[in-house]
Amino acid sequence: MPPTDAKNATNERVVRVALPVPLDRLFDYRVLPSHEALVEPGSRVRVNFGGQPLIGVVVPSDWVTEEDTASANPNRSLADIESVIDEEPVVGSDMLELLRVASRDIYTPIGLALAHALPPGSTPRLARPWALTARGERAIAEGAIDERAMGGTARPILERLALKPLTMHALTKALPRVDLENRLRALAEDGLVERRVEVRRAKARIPMERMVRVALDVDVEFAATETLVRAKKQAALLRRIAELPSGVETRRLTAEDPNAGSLLRSLQKRNLVAFSERPRLGQVESILDGGGEVELTDDQRDALVPLRDSIKRQVHESFLLHGVTGSGKTEVYLRAIAEALEAGQQALVLVPEITLTHQLLARVRARFGDEVAVLHSGLKPGDRLAQWERLRTGETRIAVGARSALFAPLESLGLIVIDEEHDGAYKNEEGFRYHAIDLATRRAVQAGCPIILGSATPSLETRFQSDKGKIRRLSLPRRVGGRPLPAVQIVDLGKEKDKNYRGRKMILSRPMRAAIEQTISDGGQTILFLNRRGFSTRIFCFQCGHAERCDDCDVALVFHASDHQLRCHYCDLMRDPPEKCNGCGDPETALLGVGTERLEEEVQGLFPGARTMRLDRDVAGKRGYTESVLKALKDEEVDIVIGTQMVAKGHDFPGVQMVGVVAADIGLHLPDFRSAERTFQLLTQVAGRAGRASRPGRVVVQTFVPDHYALAPVGSHDFEGFYREEIGHREALGYPPFGQLTRIVVHAEEEEHARKSIEAVARAAQAMIPKGARLEVLGPAPAPLARLRGRYRFMCLIKGDDQEALDRASKAALAVGRRLPKEVQMALDARPVNML
């Protein structure tokens, strides 16, 4: 892309740079002659910003933000770009434009948005370590340090810095008992130390692979028959290496022959082979088998007709692939991907959770071989960068990954697939608060390609858009092979005879226990679903009602049996459980509720011969653990898996006959207008894991509200019935899809500061709403989580269907938020998903 930059009054080249700072502005810098050929839009550069080194992205010179116009100063002096990070742009022109528009629409500074499109982990790190000055070096060498004059702690600091420059963090770890801030300030005033700027290597480096080839001017046949006449194994290995003139990976040779390492060293001593290194742009392995191509059902064939047509014509169209669980949506994806590859295009496939990449990756790789690259945060930084590079160079044409894979460097997109499109994990909840579906749709429009939104339980917004004709709906109403949907039994816990008494609580009802026992007897597998981590919900006193709560967050602490600790799931505060009530001193404080650990203990007690495993976020963080659980399910080496929503999404394991939902009411009564929708989706999804092979499936759902409109339709797999009920509630209250929202949260350590600040923000938003506009400000009020990590939280909502007025009110609120005192912070979320 040719540079499109301006010239200043002295005819020097000036470029615009987006910096990762919370200011909705672009910044102008001069380009030194030595950098002329390298500086282009999409390149990373290092600049000085207010005395601090920063790395930003060069953008087209015609880009302007509102704050640019307000702060324009034609007489300002410009700083120079200090260095150029990239030899060629790392952000393409299409991605630059996509993020420019998206950042404007969700009120995020462009510099913060662009950080998401950079090669993962590849940006050099800027550090400001403390170092000795020349005077400080002399003082150390000559022993001229007056400890008494310097407070008695100068020597250990100077001696540490004499070894190498150190950051404040490193010094604090080395000298934890020293008042470093004041000591360093004094030493700097004495001219003994100084703060420097260092550019350190990026966190991620592509792994290197050792290669071996035949050395130059070596006659392989002569060497094998003459030089190595008495070294037959060396001769055979030399011939093997010669089969690949460009070289062969040494790890491949050692895998074929454990003695290859010593043989290679002998060949090297004879100057017959030469070693080198190259970037290892390898595959991310999957622990699951993908299976081969299957015969399509009539429903799948019908769905593929418009998809193939759109791919061949290379025109944008949005499709909702609405198929019941087990209806073969993945096979439709794979056939559509094959069509895009045949047309010479690339494909992007997004899944909501890292755990879902394993199974989908196996299916894609079984069909397309090495054509797939994987992008998600669970990879090591170097491996993730290697996958990014495979896509950039065109080595592979399919990208599979979680939300962040949306920014993959695909310049010839022919198809985008969003699996489980209803999932809230597609929304980024911090910083650049984008929704992956919104950006993916914009990317599809930009590329002129179709996008497939797949789900058994589409979001209400997506289904509503399909009803309005803005998204084309493709239906898969039946399971593959004519298999029936699982039979669902809803158990009314209120009518169960086992009752809760002083903490002794029935966890598994009699129908649930019977179903598990029958499944084990039949040789099938069971998934027990409980959307709550930990051993128990909370510790509660039956005498005074006191519950153990986090000191810094407005939530109850959760007991974890594995480490016998109370833990806060927000700030990670940990505390020993009390021996008696901290409110009244009663020793009968009880564990209330049930978590996955407690459920696991209950299952092991009831079914001692069953093989059990647990899958939740507490254990999934252990490298390789999630894969081991999924593999055990696939290989039918586990009888019962207890898990949170990680087990509910998208997995297809033929051995699973029975699914039990232990507490269907969890989440149903949260202060969130989407709580009913999420409950229905989650229960329908987890129920869909059962009976996906030849054996029929069974689902048992435990609840105290069996007649609730979000639960009753689960029993009959009735999405349409739930949709009609819920869409009526949304319309009556003006919530999406009938109106739009902006959510504003203000938080501070002092409650009064937070309250006054949110009131000022709400007033500013209200002042911008014209009379008669279909828009209102709700609140301000304490947030549902009123205190989190020691900070008081207040919120307000701007709600309505007048998009222009909503935009003005949101910008007015944002302007006030940027002027709040530094001890107060504000977060504004356009189109929020999480309302807590």
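Selection of segment 776-792 for residues being open to solvent by 60 Å² or more (accessible area, probe 1.4 Å) and assigned to a loop (DSSP other than H, G, I, E, B) yields only Arg789.
For residues that are modelled with pLDDT of 85 or more and open to solvent by 10 Å² or more (accessible area, probe 1.4 Å), scanning just segment 634-656, find the one that is nearest to Ala487 (Cα to Cα). Filtering first and then ranking leaves Asp639. Has segment 652-663 got any residue that is within 24 Å of the chain's Cα centre (by Cα) and in contact (Cβ under 8 Å) with a residue 24 or more places away in the chain? Yes: segment 652-663 contains one or more residues that are within 24 Å of the chain's Cα centre (by Cα) and in contact (Cβ under 8 Å) with a residue 24 or more places away in the chain. Anything in segment 219-264 that is outside any helix (DSSP H, G or I), within 17 Å of Ser276 (Cα to Cα), open to solvent by less than 40 Å² (accessible area, probe 1.4 Å) and among the hydrophobic types (A, V, I, L, M, F, W, C)? List them, or say none. The answer is Val248, and nothing else. When segment 363-377 is limited to residues that are open to solvent by 40 Å² or more (accessible area, probe 1.4 Å) and not aliphatic (A, V, I, L, M), the one that is nearest to Leu341 (Cα to Cα) turns out to be Glu371.
Yes/no matrix, rows are residues, columns are (1) farther than 20 Å from Leu828 by Cα; (2) surrounded by fewer than 16 Cβ atoms within 10 Å (Cβ to Cβ):
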site	(1), (2)
Arg698	yes, no
Val714	yes, no
Phe722	yes, no
Gly728	yes, yes
His753	no, no
Ile769	no, no
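Say whether the condition of being within 33 Å of the chain's Cα centre (by Cα), in contact (Cβ under 8 Å) with a residue 12 or more places away in the chain and more than 30 Å from Leu163 (Cα to Cα) is met by at least one residue in segment 236-248. Checked segment 236-248: no residue is within 33 Å of the chain's Cα centre (by Cα), in contact (Cβ under 8 Å) with a residue 12 or more places away in the chain and more than 30 Å from Leu163 (Cα to Cα). Starting from residues that are among the acidic types (Asp, Glu) and in contact with a Lys or Arg (Cβ under 8 Å, 6 or more places away or on another chain), keep the ones in segment 599-633 and report whichever is modelled with the lowest pLDDT. The qualifying residue modelled with the lowest pLDDT is Asp618. Taking the criterion of being small (Gly, Ala, Ser) and open to solvent by 20 Å² or more (accessible area, probe 1.4 Å), the only residue of segment 437-447 that qualifies is Ala447.
When segment 376-401 is filtered for residues that are within 22 Å of Glu97 (Cα to Cα) and in contact with a helix residue (DSSP H, G or I) (Cβ under 6 Å, 6 or more places away or on another chain), only Ala399 remains.
Here Arg76 fulfils each of the conditions (1) of a type in the set (D, E, K, R); (2) loosely packed, with under 14 Cβ neighbours inside 10 Å; (3) at pLDDT 85 or above apart from (3). The set of residues from segment 743-775 being of a type in the set (A, V, I, L, M, F, W, C), within 32 Å of the chain's Cα centre (by Cα) and outside any strand (DSSP E or B) comprises Ala754, Ile758, Val761, Ala762, Ala765.
Look at segment 722-737 and say how many of its residues are free of Cβ contacts under 8 Å to residues at least 12 places away in the same chain and either in contact with a Leu (Cβ under 6 Å, 6 or more places away or on another chain) or among the small types (Gly, Ala, Ser) (or both). The number of residues fulfilling the criteria is 2. For segment 439-493, filtered to residues that are outside any loop (DSSP other than H, G, I, E, B) and of a type in the set (D, E, K, R), the residue that is farthest from Asp94 (Cα to Cα) is Asp492.
When segment 312-342 is filtered for residues that are assigned to a loop (DSSP other than H, G, I, E, B) and at pLDDT 95 or above, the ones remaining, listed by number, are His316, Glu317.
Scanning segment 467-477 for residues that are at negative phi and surrounded by fewer than 19 Cβ atoms within 10 Å (Cβ to Cβ) gives Asp467, Lys468, Lys470, Arg472, Arg473, Ser475, Pro477.
Restricting attention to segment 337-362, the residues that are under 21 Å from Arg473 (Cα atoms) and surrounded by 24 or more Cβ atoms within 10 Å (Cβ to Cβ) total 7.
The values are calculated or read from the model by the stated rules, or taken from the named source; none is laboratory data. Just so it is clear, the structure is predicted and the values come from calculations on it, not from any experiment. When we count neighbours, we look across all protein chains shown, and the Cβ atoms used for this are built from the backbone with ideal geometry, even at glycine. For the accessible areas, the whole protein counts, side chains as well, though only heavy atoms, and no ligand, DNA or RNA atoms are used. Shrake-Rupley method; radii C 1.70, N 1.55, O 1.52, S 1.80 Å.
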